[in-house]
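Just so you know, all these numbers are worked out from the coordinates, no wet-lab data involved. It should be emphasised that the depicted structure is a prediction, and the values quoted were computed from it without experimental measurement. As a convention, Cβ positions derive from the backbone with ideal geometry for all residues, glycine included, and neighbour counts pool all protein chains shown.
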Amino acid sequence: MASSFKQIEDKLKTEAKKLLKTGQVSVVLAYGKGYDDNHPMPYIAKLPSDADNIVFNEYCTHNLARYLVRYPKGTKIAVAVKAADSRAVIQLIQEEKVKREDLILLGLPAYGMKNSKTGEIIDSQTTCGLYNPVLYDTLLGEEVHGQPVVSPYDVLAQYEAMDKDARFEFWKKEFDKCIRCYACRKACPMCYCDPCFIDQNNPRWGEKSPQSHGNLMYHLTRFHHLAGRCIDCGECSRACPVDIPLYLFHKKVAKECEEMFGQASGMRIDDKPVLVNFRVDDSDKILE
Amino acid sequence: MSFEPKILGIACNWCTYTGADLAGTTRLQYPQNLRVVRVMCSSRINPSFIFRAFQLGADGVLVGGCHPGDCHYNTGNLYARRRLAVTKKILEFSGIEPERFRVEWISASEGNRYAEVVTEFTEQVKQLGPQTKFKISR
Amino acid sequence: MSSNNPYIPMPVEISNITNEVDTNDIKTFRLTFLNKEDEKKFKYLPGQFAELSIYGKGEAPIGIASSPTEKGYVEFTVQRAGTIVPGLVTAALHNMETGGKIGLRGPLGHPWPIEFLEKKNIVIVGGGFAFTTLRSLINYMLHPDNRSRFGRITVIYGARTPGLLLYKDELAAWGKREDIKTIITVDKGDETWTGREGFVPAVCKEVAPSPYNKVAVICGPPIMIKFTLPVFFDLGFYKENILTSLEMRMKCGIGKCGRCNVGYKYVCSDGPVFSLAELEELPRDF
Amino acid sequence: MLKKTTIDKLPDLAAHLMEQGTLLAPVQEAAGFNFQVIADAKQVDLNFHNTVLSPKAAFFPQMEDFVRYQTGKSILEAVPVELNLKPTFLFGVRPCDVKSFTIMDIHFSGTGLVDPYWQKRRQAATIFGYAFDLDQPAQAEEFYKTLGIGAADPDGSDVFMIRKGGDLLLKGVTLKGEKLLTQLSLLTAASADEEKYFEDYIIRGRDFKTRFTFLADKNIAKKLEDIFHDSDFWMKVSGACLSCGVCTFVCPNCYCFDICDETLFSQGIRRRVWDACMFTDFTLEASGHNPRTQVFQKLRQKIKHKYSYHVRKYGVISCVGCGRCTKHCPVNIDIFSIVEEAMKA
């Protein structure tokens, strides 16, 4: 039996208060109240009294790993992690952006998260479809079990079956909607480059104006940069104000990487990201 | 008039580019559709180069590197192999014909093979016709 | 759309290029107008700036280095900018030769308050490359038509090394004149340097101009301004009588694009010249 | 004089307007409604609450071309892009968005140098304001009442429209609007009852409930200036901010732009493109120095620009309470709450 959101929230408050009081961490990344119950916000607790403001409900979808890279190295941080968040943390540890010993991971086994924009349940259609954190120090609640195991890549079948011309038209239509607000890259826990390649002015990879070719360049290159790193949290698609289904492309790339290199992103701390790694016996078949 | 594709070749300095030289000095005949850019290693190739080439009107892109294990920098082409494999999958899912992009390992001594690959690839791209999906209209 | 459109630059030709410093990264470009009407329209005073515009590269806001008393051309002293993000415009400009054609949009911003400076004794303090609009001001005041309108003029100018001093010929000429006192200092001299050594704030303290009826016009790198302002303040200068010029990233130059604000003032359209009294009203952060 | 037509006849009305010029009206898209140039009169749909993107793009498009040039050629061969505008009808703009145009007018054409592009586009346009449905509650994000804007305020529109069941009542607010209405032959005269309904509706709209806090322009401007250096406050409210550009791009009042030279195949266009104070390169100088790097500084700039600097400079808050920024923020940052908290701080 999974814990209710309220139970998890209470445990999260207690744990955060304890950690801040004992000085084990200086920052707790969790969720706080937004302008209404359906719109909670990421919340940064720094004082034990701040812990009372922490909330956790089905709309707390934001990936808190996003905020880790903002802190100077060595800051002791406790971060509340759902399944995808924990994978993002692992991936960040693999990429040496954060250190495991600086982090305390408060696992949140959450089932039934909802998209606050549409009210839809978030499942393997748009995310990795895991409900239990992969890595944690304290699990705040009971593990979720008994849910049907669905491959997060099932949703791709329909698009893979498409004729390539139709698929190009589909993506062109989607990318043409882009207004280049960069919410996708800013919401992404793995997009921490400064400056982003698209902001470079020499060479200029894409124009600043939202035209088809620049949009295509931006999105395709971003998918490439996230190959083998995207942990399929779906934040990019939820952040998008014009609803581009970026998760589909990320899923496809992740699927291919998993098939080619036999490693899913953000599952084990000791892994190396697949594209900064190689095996001498990688097959040339992958290039076909 | 038959369609003459524009093909961008990106060749590693140590193997494929030298192989191309050999093909030239041995007077091998192969199509002239390929324009070669030399890079120091196949792992120097940024995937954006390939996207940009298609945007700027390339009908095909051919990448040439040393055979795995023969890299002048020991491991460069092993990274490149993985990276370019991903590039190919991305091109495919975005809807462009993946056959327009090809990676070949051609060593400095394989002038013959270089000519063969170029001939074959040019023919393949010719079959596919002009690339219009990524190309920016003027 | 081209007439009276503040976003369209007017064409100018580079008629002369002077290499100012021994590191070759600061050059003075003399620009002449290709349309005579533009020249008439381009009425400016010292302290104003203009956007130098190269199609395909962009625009760069640069202070006008020539004085309006010099007819027939405008001059800009431009440093090749950028280490992290290359300055596209300045790099392209530095690669150009005499006869090259570029665009010019301006004059923009407010000048040094000439009427306010009249009948006053003026201390001009400049550091390094920021001396450009001060040179404009000095040449304007030294012009025979204008000299009588101003009181005593003292110039304190510092650079890191002797080779980095701008306008060396003019500095020498001013040194020979009676109606202007010129003090040149460098942070570190070389074997041939016989002049003064020392930082600008220290020199100001040493020279210690009396604040009576004096205005200080200060322009330099932020670090120099930071240490020089208190010197003048301690000497008893009124905050209203300490003037400086700000710099910020600009695009439009006419107060529309919304990026160069410090507090509620836009550096481009409300500045770039501010008195210390005005600056103190603005927030100290961006 | 009040005119009327029925909602069924909307395509006819749209077709009439399309004959006279360009029609921009709300159209259902995948992510919600948006203003589009109408090609098919049947697309026009007034069953929307408000559009995803604000209608500012009608006058301040995301891309505005200035000059066409060729690289390697002389500047003398560069050609300024002419704006050839047909009369434009901006149909179905909510009262808060109409208000945003009058605020932007002050910036673009009211003070300093006149922005010719904004001015020309504005002069070519006739605005059909459209009252909110007072029988539906306001959305949780909206707070235009706080800014003193009623849900059925006709100010700023040329023609104002109110829906009454299956009917659409239209009234000319300006001379331009009135003249246009008399030309539209498919409109019929409204009855005295409807006239009364129309007037009452406007008044009812002033009491329409949205989120509200008492806000005097001068007070909030002063207050925000006082707490400028209170970085704890700004850190607290910006803790979640990702510094993406959604809020500024959907905002009807954000006008910051960048001027870019975009060259392809040696053909180039100098154009202005929307920019956002949230982007890292917004204040990045050529020297590599960036005075505003921290997220809290960027959010502070945004809030202060709207509620403080704009008041100091132009005497009016540059926000109309449409709630788009809040609604589309990926992390649910709410400008209204921040302003409320600032007043308390």
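In degrees from 0 to 90, rounded to the nearest 10, what is the angle of the helix A:83-94 Cα long axis to the longest principal axis of chain A? Taking the Cα atoms of chain A, the angle to A:83-94 is about 80 degrees.
Taking 25 Å as the limit for the C-alpha separation, the pairs A:K208/C:K256; D:K42/D:K86; A:K21/D:K344; A:K117/D:K164; C:K40/D:K56; A:K21/D:K223 exceed it in the case of A:K21/D:K344; A:K117/D:K164; C:K40/D:K56; A:K21/D:K223. Exposure proxy for B:F51, C:F199: other Cβ atoms within 10 Å of each Cβ, ordered fewest to most, give C:F199, B:F51. The tail of the calculated P(r) for the range C:10-108, taken as Cα-Cα distances beyond 17 Å, holds 46 percent of the pairs.
Residues C:D38, D:D97 in ascending order of nearby Cβ atoms (within 10 Å, fewest first): C:D38, D:D97.
Over every Cα atom in the range C:114-245, the radius of gyration and the widest Cα-Cα span, Dmax, amount to 13.9, 43 Å. Label point of A:E142 set 7 angstrom out along Cα-Cβ; within the range A:1-40, amide nitrogens under 19 Å from it belong to A:1-12. In plain terms, the residue of C:K101, C:K176 with the fewest other Cβ atoms within 10 Å comes first and the most crowded comes last, giving C:K176, C:K101. P(r) tail, the protein assembly as shown: Cα-Cα pairs separated by more than 46 Å, 41% of all pairs.
Counting Lys and Arg as +1 and Asp and Glu as -1, each charge on the Cβ, what is the dipole of the range C:82-168 about the Cα centre in debye, to the nearest 20?
Values: 10 positive and 4 negative charges, 39 e Å.
With only Lys, Arg, Asp and Glu charged at Cβ, the dipole is about 180 debye.
Give me the base-10 log of I(q)/I(0) for chain C at each q in 0.08, 0.15, 0.16 Å⁻¹, Debye formula, one uniform scatterer per Cα, rounded to two decimals. Taking Cα atoms of chain C as identical point scatterers yields -0.32, -1.22, -1.39.
Which value at 222 nm does chain D reach when only helices count, each DSSP H run of 4 or more adding -39,500 (n - 2.57), with the total divided by all residues and rounded to the nearest 500 deg cm²/dmol? Kindly include the intermediate steps, with their values, before the conclusion.
On the way: 12 runs with 108 residues, N = 345.
Here the helix-only value at 222 nm equals -9000 deg cm²/dmol.
Across all Cα atoms of the range D:171-218, the radius of gyration (one decimal) and Dmax (whole number) stand at 16.2, 47 Å.
If Lys and Arg each add +1 and Asp and Glu each add -1, what is the summed charge of the other residues whose beta carbon sits under 9 Å from the beta carbon of C:A277? Walk me through the numbers on the way to the answer.
Working: positive: C:K239; negative: C:E240, C:E278, C:E280, C:E281.
Overall, the nearby charge balance is -3.
Among the helices of chain C, those built from whole DSSP H runs whose Cα atoms reach 18 Å or more along their own axis and whose mean Kyte-Doolittle hydropathy is at least 0.5 are C:222-235.
How high is the FRET efficiency from A:K164 to A:S212, r the C-beta distance, R0 25 Å, rounded to 0.05? The computed FRET efficiency comes out at 0.90. Taking Lys and Arg as +1 and Asp and Glu as -1, the other residues whose beta-carbon sits under 14 Å from that of D:A41 total -3. Measuring from each cysteine beta-carbon in chain A, the ones with no other cysteine beta-carbon under 4.7 angstrom are A:C60, A:C128, A:C178, A:C181, A:C193, A:C196, A:C230, A:C233, A:C240, A:C257.
Rounded to the nearest 0.05, what FRET efficiency is calculated for A:D154 and A:V276 with R0 set to 22 Å and r the Cβ-Cβ distance?
For A:D154 and A:V276, the calculated efficiency is 0.15.
The mean number of partner chain beta-carbon atoms within 10 angstrom of a residue's beta-carbon across peptide D:302-309 is 2.
Of the three principal axes defined by the Cα atoms of chain A, the extents in descending order read 56, 45, 45 Å.
First check a/c for the range D:1-115, with a ≥ b ≥ c the square roots of the eigenvalues of its C-alpha gyration tensor; if it is under 1.5, answer rounded, and if not, answer prolate when a/b is larger than b/c or oblate otherwise. Judged from the Cα gyration tensor, the range D:1-115 comes out prolate (a/c at least 1.5, a/b above b/c). A convex hull fitted to the Cα coordinates of the range B:7-128 yields 84 cubic angstrom per residue. In whole percents, the pair-distance distribution calculated for the range A:5-139 from its alpha-carbon pairs, binned every 10 Å from zero, is 13, 46, 34, 7, 0. Note that chain D carries a Kirkwood radius of 21.7 Å, evaluated over its alpha carbons pair by pair.
What's the local net charge at D:S109, with K and R +1, D and E -1, over the other residues with C-beta under 13 Å away?
Overall, the nearby charge balance is +2.
Estimated at 0.36 nm per residue, the fully extended path between C:K119 and C:K188 surpasses their Cα-Cα distance by 21.3 nm. Given the options D:I127, D:I269, D:I335, state which has the largest fluctuation in a GNM of chain D using a 10 Å cut-off (strictly under) for Cα springs. Comparing D:I127, D:I269, D:I335 in a Gaussian network model of chain D, the most mobile one is D:I269.
The dipole here belongs to the range B:7-128: it is taken about the Cα centre, uses +1 on the Cβ of Lys and Arg and -1 on the Cβ of Asp and Glu, and is about 400 debye.
Taking 7 Å steps out from each Cα toward its Cβ at D:E29 and B:L28 produces label points 5.2 nm apart. Could you give the nm distance between label points at D:R68 and D:T111, where each point is 7 Å from its Cα heading toward the beta carbon? In this crude label model, D:R68 to D:T111 measures out at 3.7 nm. Spherically averaged projected area of the convex hull of Cα atoms, the range A:227-288: 5.0 nm². Each of A:F168, A:P133, D:Q267 was placed along the dipole of the protein assembly as shown (beta-carbon charges, centred on the mean Cα), and the one lying farthest toward the positive end is D:Q267.
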